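In what follows, a structure is listed as structure tokens, so that the remarks can point back to it.
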Amino acid sequence: MDYLIGIDVGTTSTKALLYDIDGNVIAKANKGYTLYQNVPDMAEEDPDEIFNATISALQEITAKAVDGKVKAISWSAQQHSLIGLDKNFKPLTRTITWADNRAERVAAEYKENGKGFEAYSKTGLPIHPMGPFYKLLWLRRDKPELFDKVAYWVGIKEYIIWKYTGVLKEEVSMAAATGLLNMEKVDWDDSILEEVGVKRSQLPELVEITDKFQGIKSEYAKVIGVDEDVYFVMGATDGALSTFGVGAIETGVLAINVGTSAAVRTFVDKPLVDPKARIYCYPIMNGKYLIGGPINNGGIIFSWAHDALFGAEQEAAKMLKMDSFDMLTEIASKVPVGSNGLIFHPYLGGERAPLWDANARGSFFGLNRNHTRADMIRAVLEGIVYNLYSVTLALKEVTGDPKSILAAGGFVRSKLATQMMADVFENDVIIPESYESGSLAAMFIAKMALGLESDIADIKKYLGKETVYKPNEEAFARYRKLMPIYLRLSRSFGEEYKAIADYQREFND
Ligand code: ADP
């Protein structure tokens with residue numbers, strides 16, 4: 001039996017899955033690493049620690065490929081990471097992740113003077129410090145000595161593939177997320193490169209997501225337990241792959257992923273620009289542009305409420321041998337739709353789409369003396385869903401109404417939360433059975449690269465059976481009354497968000 005590997009280098013951990021050639025999952029491994037946050041707004045990782053995590057994850061799963069050989073390893077990874085390498089490809093920086101906000105001042109300046117929108121119109125990268133375009137501007141300005149020493153600029157996926165093979169390539173979807181790629185030409189944009197002070201020769205060779213090659217170094221082949229003729233398949237960003245991986249292939253089919261963070265995405269067939277720059281647009285493959293909004297405050301907010309407000313229930317759940325998240329959704333299900341008029345804004349960690357405001361903060365609005373913690377937990381779940389919907393509203397302005405909605409991620413393990421999504425969106429919400437959408441799509445891209453599949457739409461064969469949640473009329477009638485209040489509040493809080501965030505920074509004791 002031949003095997004394929006889909007490996008996803010995420011922000012908190014690397015997940016590797018071993019599939020047989022028919023697409024069945026045979027083994028999984030997950031290895032975590034440290035996020036360095038020594039100074040405010042920093043969020044870095046050690047590229048070699050991540051490389052070692054990929055080695056252990058691969059070792060663990062290849063041990064299960066006993067009766068055959070691994071034909072290909074196909075890669076998914078976090079977007080927007082940036083590493084500076086010297087001329088011998090040795091890192092001069094850690095990997096600066098999407099969560100690093102130190103380029104905030106530059107991004108704010110570019111928003112103000114219009115250069116940010118100009119760049120967005122060419123590249124599809126929203127005006128935000130997450131983007132390597134802004135990180136490069138920041139490093140060039142604040143750390144010129146380091147900037148001048150860097151011979152090559154790469155992301156974590158390019159670095160890891162280079163370590164294994166000595167080949168430095170970058171596929172289109174990851175290149176697009178740097179904000180250096182012209183989305184019309186699907187090539188590095190010369191005016192953007194000039195703006196950041198980087199030459200083409202300092203960037204990897206640009207290739208398709210199905211690009212494949214051999215040449216793993218023999219010592220690594222031995223360590224991870226594969227043959228030296230194993231193919232490396234470039235794969236794509238986690239955003240692109242998890243959209244393919246829920247089966248949202250056609251234009252107008254919306255993919256909503258709610259894990260720790262969240263995202264609302266869809267494919268369109270040409271580059272589209274949002275006049276308010278709330279939505280990114282990245283070329284992925286021939287005739288497919290990924291358009292969507294990245295959301296900081298997904299399941300992490302449910303986890304916050306779980307830890308901060310429901311300690312006693314966690315203990316009780318332990319005693320009853322019950323999942324404590326299920327216990328909380330059970331409590332929330334006893335509260336009427338709309339949480340008795342309590343509205344929650346989930347912006348605890350600032351927000352990217354739809355507000356693009358790092359100062360945004362959370363709030364409960366409408367509290368009265370009858371409200372209990374049960375109302376609060378339901379309001380938290382509803383607030384997460386309202387936020388997803390508000391991003392979808394922005395997306396709809398650019399793409400039109402969605403034809404259908406597919407959802408995945410830890411949050412949709414809850415029937416209550418998924419039903420809320422159907423009710424708030426007033427649309428069917430479809431959940432595919434297979435939930436490792438990123439790795440599954442990486443595996444499928446490997447099949448395409450090897451000539452075993454030819455049409456990305458055929459990924460649907462591997463998604464298992466679907467569960468459909470239908471909107472409930474009584475519920476959406478209530479949400480229609482609350483949603484406008486939610487939106488008006490979040491839109492009018494801008495100045496106060498800044499004031500309270502400034503206070504929190506000043507009195508951080
Ligand atoms: P990641 O994006 O890190 O891969 P997951 O897709 O596993 O994360 O989702 C993690 C999130 O799922 C958690 O933050 C939590 O809020 C949420 N979650 C976990 N269990 C449940 C559950 N039983 N019901 C609803 N949400 C859940």
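The values are calculated or read from the model by the stated rules, or taken from the named source; none is laboratory data. Quantities reported herein were computed from a predicted structural model and do not represent experimental measurements. We place every Cβ from the backbone using ideal geometry, glycine too, and count neighbours over all the protein chains shown. For accessibility, only protein heavy atoms count, side chains too; no ligands or nucleic acids. Shrake-Rupley method; radii C 1.70, N 1.55, O 1.52, S 1.80 Å.
Scanning the stretch 471-509 for residues that are closer than 16 Å to Ser339 by Cα and open to solvent by 80 Å² or more (accessible area, probe 1.4 Å) yields Glu474, Arg478, Arg480, Lys481. Taking residues in the stretch 327-353 that are within 15 Å of the ligand (Cβ to nearest atom) and hydroxyl-bearing (Ser, Thr, Tyr), and partners anywhere that are modelled with pLDDT of 95 or more and not in a helix (DSSP H, G or I), the pairs with Cβ atoms closer than 8 Å and at least 6 places apart or on different chains are Thr329/Ser414. In summary, Val391 fulfils each of the numbered conditions (1) away from the ligand (no atom under 15 Å from the Cβ); (2) surrounded by 24 or more Cβ atoms within 10 Å (Cβ to Cβ); (3) farther than 17 Å from Gly299 by Cα with the single exception of condition (3).
Which one is nearest to Glu436 (Cα to Cα), of the residues in the stretch 1-20 that are away from the ligand (no atom under 16 Å from the Cβ) and surrounded by fewer than 17 Cβ atoms within 10 Å (Cβ to Cβ)?
Selected residue: Asp20.
Considering the stretch 170-266, the qualifying strands (runs of 3 or more DSSP E), each wholly inside and each with 3 or more residues that are buried (at least 24 other Cβ atoms within 10 Å of the Cβ) and more than 16 Å from the ligand (Cβ to nearest atom), run over 231-237. Within the stretch 118-134, residues that are in contact (Cβ under 8 Å) with a residue 40 or more places away in the chain and basic (Lys, Arg) sit with their Cβ atoms under 9 Å from residues that are open to solvent by less than 10 Å² (accessible area, probe 1.4 Å) and part of a helix (DSSP H, G or I), at 6+ positions apart or across chains, in these pairs: Lys122/Ile192. Residues that are open to solvent by 20 Å² or more (accessible area, probe 1.4 Å) number at least 3 in the following helices (runs of 4 or more DSSP H) confined to the stretch 112-165: 115-123, 132-142, 144-149.
Applying the selection to the stretch 394-405, what residues are on the phi < 0 side of the Ramachandran plot, open to solvent by 10 Å² or more (accessible area, probe 1.4 Å) and touching a Gly at 6+ places or on another chain (Cβ under 9 Å)? Hits for the stretch 394-405 are Thr399, Asp401, Pro402, Lys403, Ser404.
In summary, Ala360 fulfils each of the numbered conditions (1) assigned to a helix (DSSP H, G or I); (2) in contact with a Gly (Cβ under 6 Å, 6 or more places away or on another chain); (3) more than 16 Å from the ligand (Cβ to nearest atom) with the single exception of condition (1).
All conditions in (1) away from the ligand (no atom under 16 Å from the Cβ); (2) in a helix (DSSP H, G or I); (3) open to solvent by 30 Å² or more (accessible area, probe 1.4 Å) hold for Asn368, with the sole exception of (2). With respect to the conditions (1) within 16 Å of the ligand (Cβ to nearest atom); (2) more than 25 Å from Phe344 (Cα to Cα), Ile300 lacks only one, and its number is (2). Across the stretch 7-28, the number of residues qualifying as in contact with an Asp or Glu (Cβ under 8 Å, 6 or more places away or on another chain) and closer than 18 Å to Lys69 by Cα comes to 8. Of the residues that sit in the stretch 341-352 and are in a loop (DSSP other than H, G, I, E, B) and at pLDDT below 95, which one is surrounded by the most Cβ atoms within 10 Å (Cβ to Cβ)? Top of the filtered list is Arg352.
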